[in-house]
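Below: the structure, in structure tokens.
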Amino acid sequence: MKKVFLLVMFSLLTAVVFAVPYASQITVSVTQVASGAGLDITYFVNEAGGTVTIEIVEEATPSNVAATFAGTATLGSNTVSWDGTNNNAGGTAVANGNYRVEITVNATNAAGWAEIHSNSSLGNFVPSGIATEKQTLWDGFSGMEWLIDLDPDRDSFGYILCSSSFSAPRIDGHVVFNPDLSTYDGGDGQSTWMNFPGTPSNNQGVWGNCFDPEDPNYVWVAGQDDVIVVSIMRGKWNATTLTDVTNTQADLLYARDIVVAIEGSNKYAYVTASNAQIWKCDVTNDIIAASPAPFNILGLSDTARYSKGVEFDSNLNLYWASRRNNTDGTGGAIYRWDASLVQAATAGSLTEANASWDVQFPTGTLDVEGVAIDRDGDVYAACATESAGDGSVRGIYLIGNVSSATNVKTLSTSTDRVVAYPSEFDPSGFGQGIGVDYAGNLYISDRGDEQVRAYGPQGTTSIDVLAPTSQTFFIGLVSARNWILYE
């Protein structure tokens, strides 16, 4: 679906361009109704346009469809009333049983990658004199890494977290967005901060983040404070507090990104820091253990490789983004090590020689920031400094698919770069985040320019999403208590 590339450069959009639309945040008004009764179905659409089909499916066998009817495709929140029948028009009442809601959004999109033009780009917190045709949030939000749940069965599905790196006296944390880049609670971006990890006097720069593999209601965060003291934190994705779990591990100074995985009976965090460092930390008890002590698993010959992003694919192969070589200023790179090597890693055991991927960025590019992997296994990376090396162009590259066991190449701006966009205000700044949602739309944050952007891929789409398991509802006899007045 995403193999034809159209380079997007600097021109402002003159017509509506659709993202790949899909429904999320699906809820029902009641979870138990009598046969023939109805309920309200609420869901969020990330981009207006197209058609919506709502199906009521059996919980045990979703391919068994009990009712089908049309929904609405309004950008943002939609509510459709269902009358309990097979056509939502007074037809046959749906039989007793347990059911879920499935919503499909169909639309025809652009012929190639294009920036999404949605309500969030129409003057959303943009000061006068700044072009509004940009996905921009100008209120001091310095976006870093995106955290997007691709599992529709979880309550966090349909919400998009973006970490931020502020300067004191502001407190850093996550901003929670809806899929159309509107803020989660409709606030102005200053009242929508979640997961505050510090205080104004000890300001945290939140850089990397990931979900906890045991309990995805929790997130892990890697950050630095205003005096570059490391913090690794953990807390609920939608709470306003995080707990510092660093446990005085000074080795993790300059922490930048984090991923966490279950390996056997233990849980490990992999934290990037400083030059050529991925620290493997035992976090089985949800705190970085002092014993065994964390150890750096990278053993590159080029020890000046500036660390940034780290990510797992579905097979627990580990991807590491190097911004650049700090010694000679050469470009960034992406390496991948297979899961078996990662899980058996010892200090310095991951080298260039045993990397299954060794992907170098084009000459003149610097500041490779992060990695994002979509549901199809396509792997994307963000590069903050392009063209003449002055940072005036930022680039997003498709670097391969996880199904490729070996990937050794030098990327090309003409064949591997899927999106290019300009630095509007801070060409020298770095700090990019990249994320991808359930439908394959890319989200970009730009710390230096304080921008957030979204890009949709090409093609005709039909994305169906089931409501989370927690939204299963029951049709049948509704229990009631008979009250008897005794005199």
Residue within region 26-46 that is among the charged types (D, E, K, R) and either in contact with an Asp or Glu (Cβ under 6 Å, 6 or more places away or on another chain) or in a loop (DSSP other than H, G, I, E, B) (or both) present: no
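For region 79-96, which residues satisfy the criterion of being exposed (fewer than 15 other Cβ atoms within 10 Å of the Cβ) and among the small types (G, A, S)?
Initial filter on region 79-96 (exposed (fewer than 15 other Cβ atoms within 10 Å of the Cβ)): 79, 81, 87, 89-92, 95-96.
Of everything in region 79-96, those that are exposed (fewer than 15 other Cβ atoms within 10 Å of the Cβ) and among the small types (G, A, S) turn out to be S81, A89, G90, G91, A95.
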Breaking point among (1) closer than 21 Å to W207 by Cβ; (2) at pLDDT 90 or above; (3) out of contact with any Pro (no Cβ under 9 Å at 6 or more places or on another chain), for S403: (1)
Counted residues, region 350-375 - those being closer than 18 Å to I399 by Cβ and assigned to a loop (DSSP other than H, G, I, E, B): 10
Number of the condition not met by G158 [criteria: (1) in contact with a Leu (Cβ under 6 Å, 6 or more places away or on another chain); (2) modelled with pLDDT of 70 or more]: (1)
Failed item in (1) modelled with pLDDT of 95 or more; (2) closer than 30 Å to A19 by Cβ, with L75 passing the rest: (1)
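In region 404-419, which residues are surrounded by fewer than 21 Cβ atoms within 10 Å (Cβ to Cβ) and under 12 Å from A381 (Cα atoms)? Spell out how you get there, then give the answer.
First, pick out the residues of region 404-419 that are surrounded by fewer than 21 Cβ atoms within 10 Å (Cβ to Cβ): 404-410, 412-416.
The one that is surrounded by fewer than 21 Cβ atoms within 10 Å (Cβ to Cβ) and under 12 Å from A381 (Cα atoms): D416.
So which of G50, G71 is of a type outside the set (A, V, I, L, M, F, W, C), over 30 Å from V418 (Cα atoms) and not assigned by TED's automatic domain parsing to the domain that holds Y443? Quick ask: steps written out before the conclusion?
Values: G50 fails: over 30 Å from V418 (Cα atoms).
That would be G71, the only listed residue that is of a type outside the set (A, V, I, L, M, F, W, C), over 30 Å from V418 (Cα atoms) and not assigned by TED's automatic domain parsing to the domain that holds Y443.
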Near pairs, Cβ below 7 angstrom, 6+ apart or cross-chain, from region 361-377 (among the hydroxyl-bearing types (S, T, Y)) to any residue that is modelled with pLDDT of 90 or more and surrounded by fewer than 18 Cβ atoms within 10 Å (Cβ to Cβ): none
Members of region 274-283 found to be farther than 21 Å from G235 by Cα and not in a loop (DSSP other than H, G, I, E, B), listed by number: N275, I278
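The values are calculated or read from the model by the stated rules, or taken from the named source; none is laboratory data. Bear in mind the structure is a predicted one, so any value in this text is a computation, not a measurement. Every residue, glycine among them, receives a Cβ derived from its backbone with ideal geometry; neighbour counts consider all protein chains shown.
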